[in-house]
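To start, the structure itself, in structure tokens.
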Amino acid sequence: MKIKELFKQKQPTISFEVFPPNKIYTLEKVYEVIDELSLLKPDFMSVTYGAGGSTRRNTVDIASKIKNINNIEALAHLTCIGATKKEIDEILKDLNKNNIENIMALRGDIPQECENKIGEFSHANDLIKYIKEYGDFSIGGAFYPEGHQETNDLLDLFNLKTKVDSGTDFLISQIFFENEKFYEFKEKLGKLNIKTPLIAGVMPITNGKQIRRITSMCGCSIPEKLKRILDRYEDNPIAMREAGIAYAMEQIIELISDDIAGIHIYTMNRVEASKKIMENIGNILRKRDENYGY
Ligand code: FAD
């Protein structure tokens, strides 16, 4: 099913993001993670795409497993920086062949060595337009509640409007740890008459060092309240995990109460936090399903 159709059936959707194998996670391990996450019955699962197409085969295979073996809707990420139209055509053909109907269309970060080799697509909106012309996919785009690090907030909003007008069916946010930032951004989108369903990306913190690294890379801020939690628990992994899950829960409950289209959990290929979160919102999801007549 196309994710744009899913929103007509239920809101908020709950989804998980996984990443392809790396130095720590073998393909077998990633498949185990997917099997366990599938038992939690998310509405869809997304698979990231390595910069420059480095995980291309794995991304398609993993999305195919999610869709065709685990019977969960799959969202395959696809980046276009440095890619040719021929390369993108091959991936789209592969996704079609594997029955994958949803694509998260991204530009990708520009690698330093590629600055003069942007390829045939400069921005995500070029890719979105291209996919629309290619075939019948439901297309997601990224947005940044605290702005994208390469540009100023106003220009970024303007560019987001262009991206939406190119054919984006839904938007998934970069991580944020202060719901207020998300609400402020949502209000600005409202003023621009952007009504595309918004999915909030939430990351349960399980490792303090990792989160400091990720936030410094993506320009997302750590609020005082979270800083205090990190300072206190980052050297105690068990306490850090508990506190991180509780923090994410608080964010999620507040967002759900505020009519969000979906919550996307950045699982970092770990199952425990997603399991706890799904347990904690079990009654909320049952109520959602009753309201939609399930
Ligand atoms: P764009 O929408 O193209 O925006 C990039 C920059 O260009 C912004 O500053 C924007 O304001 C500006 N811009 C946009 N359009 C125009 C235009 N027409 N003219 C001029 N300027 C413009 N990276 C990966 O490598 N693999 C992944 O799987 C992946 N998944 C992600 C999932 C989510 C939900 C998010 C939020 C990010 C993800 N990323 C991923 C990271 C992403 O690739 C980077 O943040 C990248 O720097 C921007 O990608 P984008 O698609 O938002 O680009």
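The values are calculated or read from the model by the stated rules, or taken from the named source; none is laboratory data. Remember, it's a predicted structure, so these values are computed and weren't measured experimentally. Glycine also receives a Cβ, built like all others from the backbone with ideal geometry; neighbour counts cover every protein chain displayed.
Filtering segment 85-98 for residues that are within 13 Å of the ligand (Cβ to nearest atom), part of a loop (DSSP other than H, G, I, E, B) and either in contact with a helix residue (DSSP H, G or I) (Cβ under 7 Å, 6 or more places away or on another chain) or farther than 30 Å from Leu226 by Cα (or both) leaves an empty set. Here Lys191 fulfils each of the conditions (1) under 23 Å from Asp258 (Cβ atoms); (2) surrounded by 19 or more Cβ atoms within 10 Å (Cβ to Cβ); (3) of a type outside the set (Asp, Glu) apart from (2).
For segment 188-240, the set of residues classified as under 18 Å from the mean Cα position of the chain (by Cα) and either among the aromatic types (Phe, Trp, Tyr) or in a strand (DSSP E or B) (or both) consists of Leu198, Ile199, Ala200, Gly201, Val202, listed by residue number.
Scan segment 161-178 residue by residue and report those that are within 7 Å of the ligand (Cβ to nearest atom) and buried (at least 18 other Cβ atoms within 10 Å of the Cβ). If the condition is that a residue be within 7 Å of the ligand (Cβ to nearest atom) and buried (at least 18 other Cβ atoms within 10 Å of the Cβ), then Lys163, Ile172, Ser173, Gln174 are the ones that fit. Residues that are within 16 Å of the ligand (Cβ to nearest atom) and acidic (Asp, Glu): does segment 44-65 have at least one? Within segment 44-65, one or more residues are within 16 Å of the ligand (Cβ to nearest atom) and acidic (Asp, Glu). In summary, Thr59 fulfils each of the numbered conditions (1) in contact with a Ser or Thr (Cβ under 9 Å, 6 or more places away or on another chain); (2) modelled with pLDDT under 95 with the single exception of condition (2). In segment 120-145, the qualifying residues are those that are within 28 Å of Ser221 (Cα to Cα) and in a helix (DSSP H, G or I), and the one that is nearest to the ligand (Cβ to nearest atom) is Ala124. In summary, Lys209 fulfils each of the numbered conditions (1) over 28 Å from Val164 (Cβ atoms); (2) without any contact (Cβ under 8 Å) to a residue 24 or more places away in the chain with the single exception of condition (2).
Cβ-Cβ distances below 6 Å connect the following pairs, each with a first residue in segment 89-103 that is among the hydrophobic types (A, V, I, L, M, F, W, C), a second residue that is in a loop (DSSP other than H, G, I, E, B), and a separation of six or more residues or different chains: Ile103/Phe137.
Number of residues in segment 146-178 that are in contact with a helix residue (DSSP H, G or I) (Cβ under 9 Å, 6 or more places away or on another chain) and not in a helix (DSSP H, G or I) equals 18.
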